[in-house]
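Have a look at the structure below before the remarks.
Just so it is clear, none of the values below were taken in a lab; they were calculated from the coordinates. Since we're looking at a predicted model, the values are computed, not measured. Glycine gets a Cβ as well: all are built from the backbone with ideal geometry, and neighbour counts include every protein chain shown.
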Amino acid sequence: MSIVESKLESLGFVIPEAMQIPEGVKLPFPWVNVRGNRAFISGHGPQNPDGSLAGPFGKVGAEVTVEQAFELAKKTGLSILGSLKRELGDLDRIQGWGRVFGMVNSAPGFTQQPAVINGFTELIINVFGDEVGCHARSAVGMAELPFGNGIAVEIEGEVLLR
Amino acid sequence: MSIVESKLESLGFVIPEAMQIPEGVKLPFPWVNVRGNRAFISGHGPQNPDGSLAGPFGKVGAEVTVEQAFELAKKTGLSILGSLKRELGDLDRIQGWGRVFGMVNSAPGFTQQPAVINGFTELIINVFGDEVGCHARSAVGMAELPFGNGIAVEIEGEVLLR
Amino acid sequence: MSIVESKLESLGFVIPEAMQIPEGVKLPFPWVNVRGNRAFISGHGPQNPDGSLAGPFGKVGAEVTVEQAFELAKKTGLSILGSLKRELGDLDRIQGWGRVFGMVNSAPGFTQQPAVINGFTELIINVFGDEVGCHARSAVGMAELPFGNGIAVEIEGEVLLR
């Protein structure tokens, strides 16, 4: 078993199934696009273990609390790890994380985006360690995010492969 | 004639002239910045064939319909192909699309950003084919976009060169 | 003394101290993440010379004028140069700027994001020159940005190293 997946298991994390696309939605692009030793990660949202999108939905600071959004950012990390595993076969192929762009569906006046995206960053550092998991990051407030009433968190980025 | 441009022509698509910068606006950066085998694409908006910015302007979900915004995303793709052609000389130099960040000027409650940016993605896949055209993507809702009343769609990204 | 730092000094620019993280905020990521010859730059805000976040805070077009925001974008550039210098040791290691993503905390109806981010771009071109400093760019309007009442400008990007 790969080192990263053993670590995930020992921490009790479960990678969700591939995303269940909501009815009537077309997403004509891959979740991870590998070009040479670079893996570009499409914008992911939080998923339940069965691959369905995870709520609560809506704006952080209004319908969604910071604590809930922190958990949703962690779930978004697990969604991304699922897509990376399905594309790469083995998460140990990741040599290092590059950049992460963390988007928070933000109610007017909500400015704690970093505290939300920490749910993602702490997961990645826990699982990959400080050196491989280390990433440049932005955590910012979007006007709207896709799907139904709007996912609360969306994250995209890039990792480098061995 | 290059393969990609023949394809564009056979599909009836017309690459617009270089962007006409609105009066009083300074944009001190290139539309495409090539470094080694990477071409970084600046944020583009939809253009008319003469290079002027294309409307309707304003927020999708209010002043602009999803159908109109889909067409504007396609036009933004043609703007980008124009900039790439002028910078690279030949669109066949593109070995593969990497990442695309699709920004939709979104009215409150509008969450169909993916359906809008599909106008871009379908163009790129049609013109470059599944393998070269394939790209990681985000499609998200911005509070405001530049120029006048605000362009409805803006897209940036990166392609890899031969 | 490095060429870039001599230039900064001759232009009268002062690189601020490392960012003073506001109380109670955890930012578990580096300001610059180097992987091979790529340096990924995390989202930075404007800083005072002592490293504290610089105001005015809030939304450009409401609490913050375009002229103030232009200065804040320039200060954000100096924040980024500080992080790059601390990480790289010498700013002359920068072979070329790649991409820049300029985010403006935008009041409803404010669409002059490019005029704001020009404060950053003009600094970079002045200091690095046209060839090294040239970068692909987006300048767009965010719903909210982090910290207190919200920083007015945040910028992230990537530079390539020798």
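Using 1/(1 + (r/R0)^6) with R0 = 45 angstrom and r between the beta carbons of C:Lys26 and B:Met1, what's the FRET efficiency to the nearest 0.05? Write out the running numbers ahead of the final one.
Values: r = 56 Å, r/R0 = 1.24.
Efficiency at R0 = 45 Å is approximately 0.20.
Between exposed GluC sites (Glu not before Pro) in chain A, where DSSP calls loop and at most 15 other Cβ atoms lie within 10 Å, what's the longest gap? Don't skip to the end; give the middle numbers.
Numbers: sites that count: A:Glu17, A:Glu23.
Of all site-free stretches, the longest is A:24-162.
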- Query: Among B:Val159, B:Phe13, B:Gly141, which residue has its Cα positioned farthest towards the positive end of the charge dipole of chain B, with +1 placed on the Cβ of Lys and Arg, -1 on the Cβ of Asp and Glu, and the dipole taken about the Cα centre?
  - Reply: B:Val159
- Message: Straight-line reach only, C-alpha to C-alpha below 21 angstrom: list the lysines that B:Lys74 could link to, leaving out same-chain residues fewer than 8 apart.
- Response: A:Lys26, B:Lys7, B:Lys59, B:Lys85
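I'd like the mean, over residues of C:28-39, of how many other protein chain beta carbons sit within 10 Å of each residue's own Cβ.
Counting Cβ atoms of other protein chains within 10 Å of each residue's Cβ and averaging gives 6.
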- Query: B:Asn149 to B:Glu63: extension gain in nm, 0.36 nm per residue of separation minus the Cα-Cα distance?
  - Reply: 29.9 nm
- Task: Provide an ascending nm list, one decimal, of label-point separations from A:Gln95 to the equivalent residue in each further copy; define each label point as 7 Å from Cα along Cα→Cβ.
- Result: 1.4, 1.4
- Dipole of the protein assembly as shown, Cα-centred, from +1 at each Lys and Arg C-beta and -1 at each Asp and Glu C-beta, to the nearest 20 debye? 700
- Pairs of Cα atoms under 8 Å, at least six residues apart: use those to get the relative contact order of region A:30-162, whole percent. 39
- Message: What does the copy distance list look like for C:Gly24, label position 7 Å along Cα→Cβ, in nm and ordered from shortest?
- Response: 4.1, 4.1
- Total charge dipole magnitude, region C:3-161, about the Cα centre, Cβ charges on Lys, Arg, Asp, Glu only, Debye to nearest 20: 360
- Item | Estimated inter-spin distance, A:Asn48 and B:Ser52, nm [label 7 Å along Cα→Cβ] | 5.1
- Rounded to the nearest 5, the percent of DSSP beta bridges in region B:3-161 running antiparallel is 70
- Query: Helix by helix, which DSSP H runs in chain A go 20 Å or more along their axis at the Cα atoms and have an average Kyte-Doolittle hydropathy of -0.5 or more?
  - Reply: A:66-88, A:113-133
- Can you give me the three principal axis dimensions of the protein assembly as shown from its C-alpha atoms, in Å, biggest first? 58, 55, 42
- Item | Lys/Arg +1, Asp/Glu -1 at C-beta; region C:3-161 dipole; positive extreme among C:Pro46, C:Gly58, C:Asn33 | C:Asn33
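Below 13 angstrom from the Cβ of C:Gly129, what's the summed charge of the other residues (Lys, Arg +1; Asp, Glu -1)?
So the environment of C:Gly129 carries a net charge of -3.
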- Query: How large is the helix-only mean residue ellipticity at 222 nm for chain B, computed as the sum of -39500 (n - 2.57) over DSSP H runs with n ≥ 4, divided by its residue count, in deg cm²/dmol to the nearest 500?
  - Reply: -11000 deg cm²/dmol
- Query: Under a Cβ-Cβ cut-off of 15 Å, what is the net charge of the residues other than C:Gly141 that fall near it, where Lys and Arg count +1 and Asp and Glu count -1?
  - Reply: -4
- With Cα springs under 10 Å, the Gaussian network model of chain B assigns the largest mean-square fluctuation among B:Gly24, B:Gly12, B:Gly148 to B:Gly24
- Note on the structure: A student applying the Cα gyration tensor rule (rounded when a/c is under 1.5; otherwise prolate if a/b is larger than b/c, oblate if not) would label region C:3-161 prolate
- Query: For B:Ala107 and A:Glu9, FRET efficiency with R0 = 45 Å and r from the beta-carbon atoms, rounded to 0.05?
  - Reply: 0.55
- Item | Residue closest to axis [chain C; rotation mapping onto A; Cβ; Å] | C:Ala143, 2
- Query: Say a label goes 7 Å from Cα toward Cβ at C:Asp130 in every copy; what distances in nm does this one have to the rest, shortest first?
  - Reply: 4.5, 4.5
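If Lys and Arg each add +1 and Asp and Glu each add -1, what is the summed charge of the other residues whose beta carbon sits under 14 Å from the beta carbon of B:His44?
So the surrounding residues net to +1.
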